[in-house]
Each structure stands twice: as structure tokens, then as C-alpha cells.
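Worksheet: one structure, shown below.
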Ligand SMILES: Cc1ncc(COP(=O)(O)O)c(C=O)c1O
Ligand SMILES: NCCCCNCC[C@H](N)C(=O)O
């Protein structure tokens, strides 16, 4: 297969899905895939056997969830526009408003639909200001119970999303406790509560059964159906970005230029100033660089067993989350195809991109 391409390996996706299924069974919580993180619908049939549906950030994600992922479709957006609302309602099972003002604005048109409100508990686990939903002056949800009380009758659920790459169960537990303390009297008047995404419960060593017990207790004490919205936790470590070395040079360090670009194909790493991951080891350090003209288009520095040469194939690890959904045509760099490795080991191409796609993205 011609590089670059994202390779989704179902045998590496499966363990995450099995943990999700176990959590659902033991806690009673429902799990919705957060499409903002991963929306590659060719594997939705498999995923839907282990999950309850999807949640979204926009009209188009709502429509994709409804069209491609069997199960429940939750519609959330930071702000719905007047011209979107009819289609959002037609394509969703629940609509979640970000503010009481949006709920009031669309109260009449959404009457009869299952409605929820995003609540911002003011606590988060994000160490990144950029991704911290509880950052100062956050626009993500209503934070004051006094602003929620007047619209309580109009909703049957709340969505809290305040975890971010949180692999620490104790921290999750403590934050849920503070949510109950501050909003418990309102939560108990609801039928369902989504606790959002950002809980890294599929990671190695995560105390899954303690999480299940905590969620079950939360659901029982508050008499609510709990939802989770895992993005990263669902697809972590399932996918690689397969690339080929095109050129090498030395400028104080060994540099290898590959047929991909961190800016165009793994943008999240650049935004959060993180290195890509590779499974190589050895005693030769090489800097792996993208082929765009951006000086800092660098995947990272890694150790290899031998010198790299043009034609060498490399696998960049953990390339599913916030990658394919953010890929772009910067520099006109060839967009990676998407391939799937089936459980029997066979590989198939499910999408490739051509000059016509590049041209059609502009006018
Ligand atoms: C409301 C909501 N739900 C779920 C997620 C998914 O988070 P993660 O991919 O960290 O699990 C996000 C991330 O932006 C979100 O904003
Ligand atoms: N790996 C660097 C941090 C990534 C943060 N993920 C951002 C999405 C997240 N779900 C959010 O809440 O914004």
C-alpha cells in the first residue's frame, strides 16, 4: 500500500472495546463515542457492538452519528444556529444545550424532544489551558445553580465534561464528589447524566472495577442513567500512521524527512507541543521530520538500531485520536489514505485522497 496511510488495527482496537463493554455491564452506564475525537466510520459496525451510540459537537457530526453508527445519537454543540436546529432535532435522540439562553431560544421548536443542559462544575484535570473546560471565563456550560434552576423543568438531563486525559481514578472520584456536593440537588431531579469524556479507563492498570462501582453508586444514589462519552479511551493505541523516509541529511543531528507532516496529519501533537511515539529502539538518534515547509514540522527524536535511508518504512504510534478528524491540506501534502487491518490480519484500503479532493476543498 502506498504511504502515507493511517492503519487502524482491529486487534488493537478490540481490547479497548472489550473494556468499554465490561464497564457498561458492571456499572450500568452507557457509552457513546465522541465523534470529535474519532469519526472514521468504516469501523463503526464493529464499535457499535460494544457501545451505545455517538455524541457530537456539530450538526454534521450529529448526522454522521445517525447515519453510520447504530444506537443512540446525542446532539451537543457549543452553540446551535437557527438554520441548523430542525435538522439537529430530526437526526438526534437527545439534544444538549450549552447554555440556558440557547435552551430558551430553542425551547418551542425543541419541545417534545429529550433535552439536556451542559453544566460546568468549575473543576478539571486538564494540564493544558487550551483544553481545560473549567478555565477562567469558560464558555462551556452553565456554572451557577441559580442560572440552571429556572430552566430545570425543560430538561431531563445534564452533561458534565471536565475530565481530560485523566488516568487517576482517585482524582475522578474526588471531582465527582465535588460535582455531587455542588449540583446534587439538581442532579436528583434529572433522569440522565452524562459525565463526558476524558477518563482514561482503558489504559493499562486502570482500576476499571472501582470506576464501575463508583458510577453504579452515583447512578443509584441519584436515580439517574449515567452516560460516558469516551473519545481517546476508545481508540487509544489502535492505529499507526505509516510513512516512508524520502530523504536524509545531517545538520548537527541526523534528520530524516518522511512523506507526511505533523502539521497536516497529526496536528494535535503540534498544538499541544507533544512528541509523536515510535516503537523503535537502538543507539542511533534520528529526528523524524515532516515534508511541509514549516520549519517546526517535526514528529520527534527517536532511537533506531541503524542509520535511516530513503525508502525505509516507519510506523508512528497512537495515531487515531484527534488526527484523522483534523487532517488538512496544508502545503498540498498528500493526505494519508485510511486502511484497516482486520482481525484475521488482512489489510484493506477504505479511503484514499487524490488531487481532485485537494482541488475540491477550495474554489
Ligand atoms: C463534551 C465532550 N465529550 C467528550 C469528549 C471526548 O474526550 P476524550 O477524547 O478526551 O475522551 C470531549 C472532548 O473534547 C468533549 O468536549
Ligand atoms: N494530548 C494533549 C491533550 C489533548 C487534549 N484533548 C483535547 C480534547 C478534549 N476532549 C477536550 O476536552 O478538549
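A compact table of results
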quantity: Residues that are away from ligand 2 (no atom under 16 Å from the Cβ), within 13 Å of residue 266 (Cα to Cα) and buried (at least 20 other Cβ atoms within 10 Å of the Cβ), drawn from the range 296-326; calculated: 297
quantity: Candidates 11, 57 - the one that is closer than 28 Å to residue 335 by Cα, within 17 Å of the chain's Cα centre (by Cα) and surrounded by fewer than 22 Cβ atoms within 10 Å (Cβ to Cβ); calculated: 57
quantity: Filter result for residue 337 (more than 23 Å from residue 61 (Cα to Cα) and at pLDDT 95 or above); calculated: no
quantity: Some residue of the range 38-61 being within 16 Å of ligand 2 (Cβ to nearest atom), in contact (Cβ under 8 Å) with a residue 12 or more places away in the chain and within 30 Å of residue 314 (Cβ to Cβ); calculated: yes
quantity: Residues of the range 153-198 classified as assigned to a helix (DSSP H, G or I), within 16 Å of ligand 2 (Cβ to nearest atom) and in contact with a strand residue (DSSP E or B) (Cβ under 7 Å, 6 or more places away or on another chain), total; calculated: 1
quantity: In the range 238-253, the residues that are surrounded by fewer than 20 Cβ atoms within 10 Å (Cβ to Cβ) and either at pLDDT below 95 or part of a loop (DSSP other than H, G, I, E, B) (or both); calculated: 251, 252, 253
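Yes/no per residue for (1) farther than 30 Å from residue 291 by Cβ; (2) free of Cβ contacts under 8 Å to residues at least 12 places away in the same chain:
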| position | (1), (2) |
| --- | --- |
| 207 | yes, no |
| 211 | yes, no |
| 214 | yes, no |
| 224 | yes, no |
| 229 | yes, no |
| 233 | yes, no |
| 240 | no, no |
| 244 | no, no |
| 251 | no, yes |
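Here is a yes/no grid of residues against (1) buried (at least 20 other Cβ atoms within 10 Å of the Cβ); (2) within 25 Å of residue 41 (Cα to Cα):
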{"residue": "69", "(1), (2)": "yes, yes"}
{"residue": "78", "(1), (2)": "no, yes"}
{"residue": "94", "(1), (2)": "yes, yes"}
{"residue": "97", "(1), (2)": "yes, no"}
{"residue": "111", "(1), (2)": "no, no"}
{"residue": "114", "(1), (2)": "no, no"}
{"residue": "123", "(1), (2)": "no, no"}
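The values are calculated or read from the model by the stated rules, or taken from the named source; none is laboratory data. From a predicted model like this one, the values you see are computed outputs, not experimental measurements. Reconstructed Cβ throughout: ideal geometry from the backbone, glycine too, with neighbour counts over all protein chains shown.
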